[in-house]
Ligand SMILES: [Zn+2]
């Protein structure tokens, strides 16, 4: 997953903070506020040890005021509006605000506290209002329009044209053309939405932390591998329950439990808790929030002249409209469901063989997947995990990035981190020139969101003729090392690391001019191309031989295991595809409504999933009440993006299959046309420039065994 700052547009000029001496107490406080000072740290990373919670709000207030002043200067400029004095000046008008926001929102995701959550509740409506006042400022929009109307004669390069187009569109969709009463309503909607999405995320974190499966009898651990038991014992110890075993709703805890636990009742217990997060009719319930978000998004889209929220969001994506999204996912749904039903039959047979004469349930699926995998392919995750020690996988992704893009990674202990678990790396090119700073935050914590994502503390751009280098951060939730063994990843987790690293490379290799067009700031259904294409290297035998080494013996993975992995490659892909597509349909269901008739979230969800014929043994990858991607993240109407991008990445990777996994001309072209190119161009043009033609779906169907 890729997170973008929700202030994408509101970036700005670095103003040398308060160089003149001022005397009032408030100004002293501002002058001493580390968020507003120049950061005297390696590569200008945030000085985490100096930033205290009380610094955020005054810094936000100052930075918003500063951006307003900068915008007033654009408006007051007596010269005719030009691309530079208007569009570029606006683009850089909020650099301080973006600096403060990036630290704050990153900490809110991965190092939060009650205090930060309270600040977010207070500051988000103000940020929303601030953004709206820029988008709805008629004098500013007038100047933008003047530049836009001359676009053909301005002699702009591709990236500049893109920035101008995007800026103009952003004002249109930000309400610049609305009448005063509609503008007022839209501001109310944006403010409410900013609070509701925060509330949704806070509730989800609380619900994830609130449940614990505590086991105190050893016999209830039947089926679990030693490593899983040991991790559960460590979790128990961390929660003051030494001597017991605790499983949580973090994926790194619940998933192995569902996969291996022979205790059907306990599997049912933890799975039920997992799929009911945000649905417990208590103070963390998300159902009312969902109905409000959906209604407000629809109203906003219609104020702007669109049929529904999805049409508004998709206009700037490769898909362009909901019909094109349905065209793709409908094409995949039917074959995926056929395969998933065959899988269900296999698992039911296995269950019968074990003497359980009951229907296969959702909480049985992962357990019998594992059993059948072992029987059919003589392969288990447990057998593979010793080859995926976290450090080895990290070295592997570093090596692949080095071979493809000429990057070197060096752990930098002098770079401050916000938590002792976090590692910082300096990234250079082969000549030793600085490219980026990279933070890696691998493990779950109670104050960190679940899942995996990439974001940045600073994007790449050119300012005053100087290239500003990016500061990238990658977050995962992998199993922690215990006293007796290192962090051993499943192959899925190793792929996740390659995935997030692909987003990271997209940020690190960026070679663009403007914050809004650089790095990962590309349309949502294109942004998963750089991340997902990296997953392809993770599973290539030639690459596995490089990094998949046994953590005890350092022996590379054997040919026999590689052959088994290959044979099992498309195993359970029916489930994976169906689970994912169901969530994509659910997302579209909520966001293609043109009339708000729903009053019951669970009934609506049931209706949406019955319509596509989802089988009861498979739960949508996310149910509505914990679907953070669409209700507190930036993937609303965009959850389909992963499969859309997979059409692109499977086909793009074909170029390497044809010419060689590390063919230098091909990797140079991938870097130039995709990874370094930000949003300089239309995504389809960038793809065609790399591949020489438009994408074909065949490679995806083959990879998932759906052809
Ligand atoms: Zn992603």
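Values quoted throughout were computed directly from the atomic coordinates according to the rules given, and no laboratory measurement underlies them. What you are looking at is a predicted structure, and each value in this text was computed from that prediction instead of being measured. For neighbour counting, all protein chains shown are included, and Cβ atoms are generated from backbone atoms with ideal geometry for every residue, glycine included.
Can you work out the FRET efficiency for the pair residue 220 and residue 358, with r the C-beta to C-beta distance and R0 = 25 Å, to the nearest 0.05? Computed FRET efficiency for residue 220 and residue 358 comes out at 0.80.
Binning the alpha carbon pair distances of segment 562-615 at 10 angstrom intervals from zero yields the distribution 21, 39, 19, 13, 7, 1, expressed in whole percent. Each 20 Å bin from zero up to the one holding the largest Cα-Cα distance in the chain carries the following percent of pairs: 17, 53, 28, 3, 0.
With the simple spin-label model, which puts each label point 7 Å out from Cα in the Cβ direction, the residue 299 to residue 345 separation comes to 5.1 nm.
Computed with the Debye formula from one identical point scatterer per Cα of segment 286-339, without solvent, the log10 of I(q)/I(0) at q = 0.18, 0.19 Å⁻¹ comes to -0.73, -0.76.
Counting beta carbons within 10 Å around each of 205, 328 and listing the fewest first gives the order 328, 205. Placing pseudo-labels 7 Å out from each Cα toward the beta carbon at residue 464 and residue 129 gives an inter-label distance of 3.3 nm. Stretching residue 315 away from residue 84 to a fully extended chain increases their span by 80.5 nm, per 0.36 nm per residue minus the current alpha-carbon distance.
The angle between the Cα long axis of helix 524-538 and the longest principal axis of the Cα atoms of the chain comes to about 40 degrees, rounded to the nearest 10. Put the Cα centre of segment 657-689 next to the Cα centre of segment 82-138 and the gap is 32 Å. The mean sequence distance of close C-alpha pairs (under 8 Å, at least 6 residues apart), as a share of the length of the chain, puts its relative contact order at 16 percent. Alpha-carbon geometry of segment 117-189: the Rg and the Dmax are 15.0, 49 Å, given in that order.
Out of all DSSP beta bridges in the chain, what portion is antiparallel? Express it as a percent rounded to 5. Percentage antiparallel, nearest 5: 80.
In plain terms, the C-alpha convex hull of segment 24-111 casts an average shadow of 7.3 nm² when viewed from every direction. Could you estimate the translational diffusion coefficient of segment 505-602 from the Stokes-Einstein equation, with Rh from the Kirkwood formula over C-alpha pairs, at 10 °C and 1.306 mPa s, in whole µm²/s? It diffuses with D of about 88 µm²/s by this estimate.
Counting only Cα atoms, the size of segment 457-525 along its three principal axes is 53, 28, 14 Å, in decreasing order.
With one equal scatterer per alpha carbon and no solvent term, the Debye-computed log10 I(q)/I(0) for segment 394-476 at 0.20 1/Å reads -1.01. Under Stokes-Einstein, with the Kirkwood radius over Cα pairs as Rh, the value for segment 554-707 at 37 °C and 0.692 mPa s is 178 µm²/s. Give, as ranges by residue number, the residues of segment 535-551 whose backbone N falls under 16 Å from the point 7 Å along Cα→Cβ of residue 702. Correct set: 536-537, 540-541.
A Förster radius of 51 Å, combined with the Cβ-Cβ distance separating residue 553 from residue 268, puts the computed FRET efficiency at roughly 0.85. Our summary gives segment 147-272 a relative contact order of 19 percent, counting only alpha carbon pairs under 8 angstrom and 6 or more residues apart. If you plug the beta carbon distance of residue 238 and residue 276 into 1/(1 + (r/R0)^6) with R0 = 35 Å, you get a FRET efficiency near 0.90. Counted over all Cα-Cα pairs of segment 568-656, pairs farther apart than 23 Å make up 29 percent. With Cα atoms defining each centre, segment 257-304 and segment 611-639 are spaced 9 Å apart in the structure.
For segment 37-81, the alpha carbon positions stretch 45, 25, 10 Å along the principal axes, listed from largest to smallest.
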